[in-house]
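Peer 1: One structure follows; several queries about it will come next.
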Amino acid sequence: MGLCRTNRVLCNPHMFLSAENSICTVVFKITDTPEKQKNEVIPWLSFIKAIITKTIAKGNFKPTVILVASRADQLTRGNRRQADALYREIQVEAKKMFGKYLNILDETFILNCHDSQHRDMNRLRTCIKLAKRKEFVPKICEEIRGEKQGWIVSTFPVIKWKTYVQKVKAMKASADEEEIGSISDEEPLKNVTKFLQYLGEILYIQSSLTRGGDIIVLDPQWLCTRVIGPMLAPEMFVKYTKRLTKKTIYSRRDIETVFQDFADIDSLIDLLKEFELLYEVNVDSPGSKDIRYVIPGMLQNEMPKDQWEVDRTKNIYYGRRFQCRDETDSFSPGLFPRLQTRLERHFREMDSPTEGIWKNGIKVCSSVEGLIYMTKGWRAIHLCVRAEKEDDIGKCYMMLELVTDDVYDVINICCPGTNIDVHILSANSLKNHSDPETVSYYTFDQIIEAEQKNKQVLDKRKTKSEEVSDLLCRGYDNEVLRSLGYQSDVKWMLQDTLKEFSIIMDLRRGFEGDYRMMAELMGIKWAEVESWVRTDSDKSTTQRILSEWSKRWALRKHDDGMSSNGDCIYESTFANLVKILRHKDCCVDIARIEIEKMFNKLGMSISLKDVPGTSRTKPDM
C-alpha cells in the first residue's frame, strides 16, 4: 500500500516498489475548501498514473486508488453531511479525469487519524484486504525468495547479475531439477527476476552505464530506509539522525559520515551511480582522493536569469519543448535530476563537460551552446541550442537528438505512464529573449502545414512569422521528408545524400552536357553558374545550384506563384528534381538512385516510378 500526502519526495517510488501490485491511498483534508482539495488530490493521481508501466496501461488491469479524507475529529454533527457531499464531489471529479487509467474505489472514508480504532479506519483495513490481488507465485520464485537472505554476506545486500545467476544455478541441489534447468539460460531467468521485483522481493537494476553491469538488490527495504531516506527524504521525516544536508557539492567524507555504519562506501557510490542519483565532478583527476560529487536531486538554487542572455554573435538557434499532454499527465519529481545526471555523463563523453547545473537547469558550452531547462510548474522541459556558424548545424542537431533520446529514455524509466507532446521552439524567440520561460513554440502540425502551403509559420502570441527552414536543422532533420515525401523541397536533402549526389553531378561539370541542362531547367542561367565557379571553385557547384533553386522558388512563390514556364521548372521539390534528371538531355540514373536510397533509409520505400510527374521513359519537355 502506498500512502500519498501532499508533500512529494524527490525520488520515484516505482524505482523501489512494485507499483503494479500496490494499492494507493491518497489522503486529503476534509476541512479544506473544494478547490484546495482538488489541488491536493489531482497532482497525486497524475503522479500515480505517471509511474504505471506501459504494459499495464495497455492491459485490462488498473491500479487501485482509495481516496481517504482526514480530520474527521474536527467535524461537528452539523457539518458532517456537508463534508460527505464535498468528499463525493472530489471523488466524482477524480473518476471523471482518471477513470481511464486508475481504479478509484467508490467507498468513502473520513478518518480520525489520531484514533487507530476509528470505525472508518477498520473499514479501510477491510477494503484494502479485499482489494489486494492474490498472485500465483511460481515455485522457482518461492525458492529464490527463501534462499536470497543467505546470499547476503555483509551489510551491503547488493550482488552483480553474474553472481546472482551462479547462485540460482547452485540451487539445483535443493530445488526441483527440472524447473531450475528450464531457467538455466539467462533470458528466462530475467523474466523470473522481473516477477520477483513485481512482488517487491528484490530490485533488478539494468545498468545504463557504458562499463556497468546489471545488479540485484536483495533487500529493497534496506535501499529505501537506509539509503534513499537519509539521502533524499524531505525534512518532515525526522527519524533520520544522520542525513545529507542540502548543498551543491559533496565530498566523500560527507557521504561516509551518513552511510559508513551500514554500507561499504565505494560499493554504495557505485550503486548510486547506477541509479543516476549522483556523479563525480573531478573525473579528470583519476586516483585523486579528493573526489567531489553532485547530487542533482539535492540542488536548491534556481537557474540564474543570465544563463541565456541575448548574444548577437550567435546566428543559429534551435529548440524543442517536451510537455505533459494534459492535466492527467505529470513528470515524477525524480525525472529531471536523473536526466541531469544522464546528460552530464553524455556531454562529458562528447568532450563537452557541463558549465553549470541548478535545480531547474543544466548548461553545456562548446562550439554549440545548449541549455536544458525545466519550466515553472514542472510540466515542460525546454531544450535550447545555439551556435555561431551554419557549419555548426550538424552539431546542433546531434545535441538536439542526444537530449531528445535521453528525455524519452528517462521518462520511460521514471514515469512511463506520462504522455508527452513535442513542440518546436521559435528561433526568433530564442534569439531575442533571455528567459527560456517566455520562449514561443509551434506544434509539428503547424510547421508541416506551413511548409506544405509554402508559407511561414505564424507566432500568434507575438504576431510574428518565421521560415520553417529556420526552425528545423536543414540537412539533418528528416521530419519534413517523412511528412511530405517527394513533395518536400530539395533544401531538406539529408547531408549524406547531398554529398553523394554532389560528387556524382560535379564530375559532369567539365563537359557540361546534362549538368548544364539541369541548371537551365531549374531556371538558372549557365552564365551564373560559370560565375560561381570562377568566384569560388572550392565549393560544390551542385550544392550551390540546388540552394539557389530553392531560394528562388521561395521568392517566386510569394510573387506570381508560378511553378513552371516552358521547359523551366521553378518549384524546387524532389519530384521535380527527379523529373529534371529524367529529361532526354539530362539523364543521370545514378544520381536519381541516391535520392531513392535516402527515402528508403527513412523507411519510405517509394519507387521513383510512383513519384507524381515522373516515369521510366524519357519524356519530351
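Peer 1: Could you give me the residue pairs with C-beta distances under 7 Å whose first residue belongs to region 387-400 and is under 12 Å from S367 (Cα atoms), whose second residue is assigned to a helix (DSSP H, G or I) wherever it lies, and which are 6+ apart or on separate chains?
Peer 2: Final answer for the pair search is A387/K395; A387/C396; G394/Q495.
Peer 1: If I ask for residues that are surrounded by 21 or more Cβ atoms within 10 Å (Cβ to Cβ), more than 11 Å from the chain's Cα centre (by Cα) and farther than 22 Å from D306 by Cβ, which ones from region 397-410 would you list?
Peer 2: L400
Peer 1: Residues of region 253-262 being in contact with a helix residue (DSSP H, G or I) (Cβ under 9 Å, 6 or more places away or on another chain) and either within 21 Å of W358 (Cα to Cα) or of a type in the set (A, V, I, L, M) (or both), which ones?
Peer 2: The answer is I255, V258.
Peer 1: Applying the selection to region 347-390, what residues are over 22 Å from H423 (Cβ atoms) and surrounded by fewer than 16 Cβ atoms within 10 Å (Cβ to Cβ)?
Peer 2: Matches in region 347-390: E349, M350, D351, P353, E355, G356, C365, S367, E388, K389, E390.
Peer 1: Okay, next question. With respect to the numbered conditions (1) free of Cβ contacts under 8 Å to residues at least 40 places away in the same chain; (2) over 30 Å from I52 (Cα atoms), which one is the sole condition not fulfilled by F444?
Peer 2: All conditions pass for F444, except number (2).
Peer 1: Further, regarding this structure: Please work out which one of (1) touching a Lys or Arg at 6+ places or on another chain (Cβ under 7 Å); (2) under 22 Å from I295 (Cβ atoms) is the condition V368 fails and give its number.
Peer 2: (2)
Peer 1: Listed residues R119, R145, R125; which is out of contact with any Gly (no Cβ under 8 Å at 6 or more places or on another chain), in contact (Cβ under 8 Å) with a residue 40 or more places away in the chain and basic (K, R)?
Peer 2: Just a single option satisfies the conditions, and that option is R145.
Peer 1: Report those helices (runs of 4 or more DSSP H) wholly inside region 535-616 carrying at least 1 residues which are more than 17 Å from Q487 (Cβ to Cβ) and modelled with pLDDT of 80 or more.
Peer 2: Passing ranges, in order: 541-557, 589-601.
Peer 1: Kindly list the number of the only condition in (1) under 27 Å from the mean Cα position of the chain (by Cα); (2) modelled with pLDDT of 85 or more; (3) more than 23 Å from S154 (Cα to Cα) that fails for A233.
Peer 2: For A233, the exception is condition (2).
Peer 1: So which residues in region 447-472 are touching a residue at least 40 places away in the same chain (Cβ under 8 Å) and either closer than 21 Å to I381 by Cα or within 25 Å of the chain's Cα centre (by Cα) (or both)?
Peer 2: D470, L471, L472, listed by residue number.
Peer 1: Same structure again: I'm checking my understanding of the structure. Among residues of region 438-470 that are of a type in the set (A, V, I, L, M, F, W, C) and in a strand (DSSP E or B), which one is surrounded by the most Cβ atoms within 10 Å (Cβ to Cβ)?
Peer 2: The extreme case among them is V457.
Peer 1: OK, next. Within the group D214, D266, D219, D254, which residue is modelled with pLDDT of 85 or more and under 28 Å from the mean Cα position of the chain (by Cα)?
Peer 2: That would be D214, the only listed residue that is modelled with pLDDT of 85 or more and under 28 Å from the mean Cα position of the chain (by Cα).
Peer 1: Filter region 100-129 for residues that are touching a helix residue (DSSP H, G or I) at 6+ places or on another chain (Cβ under 6 Å) and either over 14 Å from T25 (Cα atoms) or open to solvent by 50 Å² or more (accessible area, probe 1.4 Å) (or both) and give the result.
Peer 2: Y101, E107, N112, listed by residue number.
Peer 1: Within region 57-99, which residues are open to solvent by 20 Å² or more (accessible area, probe 1.4 Å), under 18 Å from D329 (Cα atoms) and without any contact (Cβ under 8 Å) to a residue 60 or more places away in the chain?
Peer 2: If the condition is that a residue be open to solvent by 20 Å² or more (accessible area, probe 1.4 Å), under 18 Å from D329 (Cα atoms) and without any contact (Cβ under 8 Å) to a residue 60 or more places away in the chain, then K58, K62, E93, K95, K96, G99 are the ones that fit.
Peer 1: Looking only at region 392-419, how many residues end up being farther than 19 Å from C473 by Cα and of a type in the set (K, R)?
Peer 2: 0
Peer 1: Sticking with this structure for a sec: Do we find that P333 is in contact (Cβ under 8 Å) with a residue 60 or more places away in the chain, buried (at least 21 other Cβ atoms within 10 Å of the Cβ), within 18 Å of the chain's Cα centre (by Cα) and under 21 Å from I48 (Cα atoms) in this structure?
Peer 2: No; evaluated as a whole, the condition is false for this residue.
Peer 1: Given the options T126, T155, name the one that is out of contact with any Pro (no Cβ under 6 Å at 6 or more places or on another chain) and not in a loop (DSSP other than H, G, I, E, B).
Peer 2: Result: T126 is the single residue among T126, T155 that is out of contact with any Pro (no Cβ under 6 Å at 6 or more places or on another chain) and not in a loop (DSSP other than H, G, I, E, B).
Peer 1: Moving on. Would region 469-478 turn up any residue that is of a type outside the set (A, V, I, L, M) and in contact with an Asp or Glu (Cβ under 6 Å, 6 or more places away or on another chain)?
Peer 2: no
The values are calculated or read from the model by the stated rules, or taken from the named source; none is laboratory data. Please read all numbers here as calculations on a predicted model, not as lab measurements. For neighbour counting, all protein chains shown are included, and Cβ atoms are generated from backbone atoms with ideal geometry for every residue, glycine included. Ligands, DNA and RNA are stripped out before the accessible areas are found, and what is left, the full protein with its side chains, is counted by its heavy atoms. Shrake-Rupley method; radii C 1.70, N 1.55, O 1.52, S 1.80 Å.
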